[in-house]
Each structure stands twice: as C-alpha cells, then as structure tokens.
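The values are calculated or read from the model by the stated rules, or taken from the named source; none is laboratory data. Values in this document were obtained by computation on a predicted structure and should not be read as measured data. Cβ placement follows ideal geometry from the backbone for every residue including glycine, while neighbour counts extend to all protein chains displayed. Quick note on the areas: whole protein, heavy atoms, side chains included, nothing else; ligands and nucleic acids left out. Shrake-Rupley method; radii C 1.70, N 1.55, O 1.52, S 1.80 Å.
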Amino acid sequence: NGKGVPQNYTEALKWYRLSAEQMNADAQFDLGYMYYEGQGVRQSYPESLKWFRLAAWKGNAKAQYNLGIMYKNGVGVIANKATAKEWFGKACDNGFQKGCDRYRELSLQGK
C-alpha cells in the first residue's frame, strides 16, 4: 500500500510472485488482485482467475469473494450465478462479511 515507503508495483510483484509460487495463499490473492486491477502488470483476468483460485482453494476468504464477483459479473469467465453464490458462501463461512451479503443478495433474487 506504499505506507512508509514509496509505492513500487514492480517490487511488490516480484515479492508476491516469489511467495505465491511457494504456495502462500495471501500472496496468491495479492498477485491475483494485481492482475485483476492491472497494477504493475498488464491487466489479465485469466491470470487473476488462476491466482484467486489457488488462494481460494486454500481457504482465503477474499479470494473466494473475488471469484464470486468474477462469476456473478462474467469477468474472465462465463457468468454463472450458482457458482458465484457458492464462492460467496465459502467466503462467508470463512468470516468475510461481504461474502455473506452477496450470498444473501443472490438468495433473495432466487439464484
């Protein structure tokens, strides 16, 4: 976040990638987010999806939530509300309130 040091996406990318390749779920989420937003890299939803999935399978609630968003909105994947709801539910089960909110929202829509 550039707190206390100058923000440097290139340096962050290097360290996140090293850690992500060593299977650190938080780093995998952060790397996925960098690809999702195009921070220090060319924006790539397939790369973002890859890293979010790896982190999500390890129980990273933010990655689970972001997968839900991608499936809900059809970003980098074919939109699938049932799959989105499943990922939101997992994020909720792991204590991420936004996941609970989106899960409830889809439930109220009958999805």
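Within the stretch 58-65, identify whether any single residue is touching a Lys or Arg at 6+ places or on another chain (Cβ under 9 Å), open to solvent by less than 70 Å² (accessible area, probe 1.4 Å) and of a type in the set (Ser, Thr, Tyr), and answer yes or no. Yes; the residues of the stretch 58-65 include at least one that is touching a Lys or Arg at 6+ places or on another chain (Cβ under 9 Å), open to solvent by less than 70 Å² (accessible area, probe 1.4 Å) and of a type in the set (Ser, Thr, Tyr). Taking residue 95, is it small (Gly, Ala, Ser), in a loop (DSSP other than H, G, I, E, B), crowded, with 16+ Cβ neighbours inside 10 Å and in contact (Cβ under 8 Å) with a residue 24 or more places away in the chain? No.
Name the residues in the stretch 60-83 that are in a helix (DSSP H, G or I) and of a type in the set (S, T, N, Q), would you? First the steps, then the outcome.
Taking the stretch 60-83 as the starting set, the residues that turn out to be in a helix (DSSP H, G or I) are 61-73, 81-83.
Selection gives 64, 66, 73, 83.
You will find that of 12, 25, the residue that is within 24 Å of residue 96 (Cα to Cα) and either among the aromatic types (Phe, Trp, Tyr) or in contact with a helix residue (DSSP H, G or I) (Cβ under 9 Å, 6 or more places away or on another chain) (or both) is 25 and no other.
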